[in-house]
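Engineer: Could you have a look at this structure, given as structure tokens, before my questions?
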Amino acid sequence: MVTLKELAAKEDLFVAGHKLCPGCGIPVILKIILRASKYPVVISNATGCLAVASSEFPGTSWKLNWIHNSYGNASAVMAGIETTYNALKKQGRVPNSRNIKFLIIGGDGATYDSGLGGLSGAIERGHDFVYLCLNNQTQACSGGQRSSASPMGVSTSTTPSGKVSSGKMQVAKNISGIMAAHGISYAAQAAPWNWQDLHKKAKKAFDTTGPSFLNVLTPCPTEWQSSPEKSIELTKLATDTCSWPIYEVKDGNEVTINYNPPKKIPVHEWFELQGRFKHLLKAENKWILEQIQDEIEKSWELLISQNLKVN
Ligand code: SF4
Ligand SMILES: [Mg+2]
């Protein structure tokens, strides 16, 4: 296991000057992940909070090569970059011994929705990249709309809670399962409270030849309507409710649950600290809360049934 001292000794490639909100999970997650590659990293970043807040002219927070793309095409652009790099190697214009890692970053809107076709195609063609989904369960950059990663019951700007609606009525898409169904060599879910697990998964993803996928729960105090100082704790609570299990899938079918909560907590304990769920705590919405709890238990049981070993 990596230690904090070892992590701190490595160069920080995402530095001060960005305009991400106080308490935003993105910088913490990036600093852990970027320290996991032995080789230089090139990033293709779909539009989202990170792209917008890290590159305002004339500044940048990136100390590596970074390209900004629209919501839908970050994977297609990286597929082109990786192909070109390999062609240059074949032509002898880049030394064969040189190694570069290709990292695609998208929010949940870009990953689960608008960029899913491009991502699926890049995986199917077998390009060599790591895909990182910074999943804050909403389209935070464009006004806090629902995405298909938004959990059931959540109030968003397009599923507002009120007299005619009690929030989003659909369960979140199982994107990690969809990635695994591509037969991808490595797919994992992680949360930043367990930073050693996150770092280990990033390392495995960078060490994988071919495509790999990381889905990281990313606290967003602005849209979650939560206290900035609670951000990391909220990701732990999500894991302890089993609404955000942390696990990995190798070769599309070998499932390992990396953290089995010693004491599972009811989902309302996670909801109580976030304004986006406060309507669910009212007596008239008890039925939704029960349905959400049932859905969580069903998904956890399904995961357990696929699990070969529990760490
Ligand atoms: S809106 Fe959310 S994800 Fe975006 S910068 Fe602010 S806290 Fe981070
Ligand atoms: Mg988002």
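We did not get these values from a lab; they are worked out from the coordinates using the rules stated. Keep in mind that this is a model prediction, so the values were computed, not measured. All Cβ positions, glycine included, derive from the backbone under ideal geometry; neighbour counts span all protein chains shown.
Engineer: For region 224-305, evaluate the Debye formula with one uniform point scatterer on each Cα (no solvent term) and list log10 I(q)/I(0) at q = 0.23 Å⁻¹, rounded to two decimals.
Structural biologist: Log10 I(q)/I(0), no solvent term: -1.12.
Engineer: Along the Cα-to-C-beta direction of Val164, a point sits 7 Å from the Cα; which residues of region 125-158 have their amide N less than 18 Å from that point?
Structural biologist: Only 146, 155-158 fall inside the zone, counting backbone N under 18 Å.
Engineer: Let me ask another. What's the whole-number percent of alpha carbon pairs in the chain lying beyond 31 angstrom?
Structural biologist: 27
Engineer: Please name which of Val164, Val130, Gly183 has its Cα lying farthest along the dipole of region 100-202 towards the positive end, using unit charges on Cβ (Lys, Arg +1; Asp, Glu -1) and the Cα centre as origin.
Structural biologist: Result: Val164, furthest along the dipole toward the positive end.
Engineer: Taking the inverse of the average 1/r across all pairs of different Cα atoms in region 168-311, what Kirkwood radius in Å do you get?
Structural biologist: Kirkwood hydrodynamic radius for region 168-311: 16.0 Å.
Engineer: Can you compute the helix-only [θ] at 222 nm over the chain? Use -39500 (n - 2.57) per DSSP H run of at least 4 residues, normalise by all residues, nearest 500 deg cm²/dmol.
Structural biologist: -10000 deg cm²/dmol
Engineer: Take peptides 61-67, 33-39 and line them up by average Cβ neighbours within 10 Å, highest first, as a rough protection proxy.
Structural biologist: 33-39, 61-67
Engineer: A further question on this structure: Show me the ranking of peptides 246-257, 272-283 by mean Cβ neighbours inside 10 Å, starting with the highest.
Structural biologist: Going by the mean number of other Cβ atoms within 10 Å, highest first, we get 246-257, 272-283.
Engineer: Taking the Cα centre as origin and putting +1 on Lys and Arg beta-carbons and -1 on Asp and Glu beta-carbons, what dipole magnitude results for region 61-216, to the nearest 20 debye?
Structural biologist: 280
Engineer: Right, something else. Work out, step by step, the length gained on full extension between Val2 and Lys264: first 0.36 nm times the residue separation, then minus their alpha carbon distance; give nm to one decimal.
Structural biologist: This chain segment gains 91.6 nm when fully extended.
Engineer: Something else: For region 228-234, just list the computed ³J(HN,Hα) in residue order, Karplus coefficients 6.51, -1.76 and 1.60, θ = phi - 60°, integers in Hz, with x standing in for Gly and Pro.
Structural biologist: Listing the rounded values in order: x, 6, 9, 3, 5, 4, 5 Hz.
Engineer: Which net charge results for the neighbourhood of Ile43, defined as the other residues with beta-carbon distances under 13 angstrom from its beta-carbon, given Lys and Arg at +1 and Asp and Glu at -1?
Structural biologist: +1
Engineer: Is there a quick way to get the dipole size of the chain? I mean about its Cα centre, with the Cβ of Lys and Arg at +1 and of Asp and Glu at -1; what is the value in debye to the nearest 20?
Structural biologist: Using only the charged Cβ atoms, the result is roughly 700 debye.
Engineer: Turning to a different aspect of this structure: Would you list which lysines come within 22 Å of Lys250, measuring only between C-alpha atoms, while excluding same-chain residues fewer than 8 positions from it?
Structural biologist: Partners within reach: Lys38, Lys101, Lys173, Lys200, Lys201, Lys203, Lys204, Lys309.
Engineer: Give the separation of the Cα centroids, region 266-311 to region 57-75, in Å.
Structural biologist: After rounding, the separation between the Cα centres reads 35 Å.
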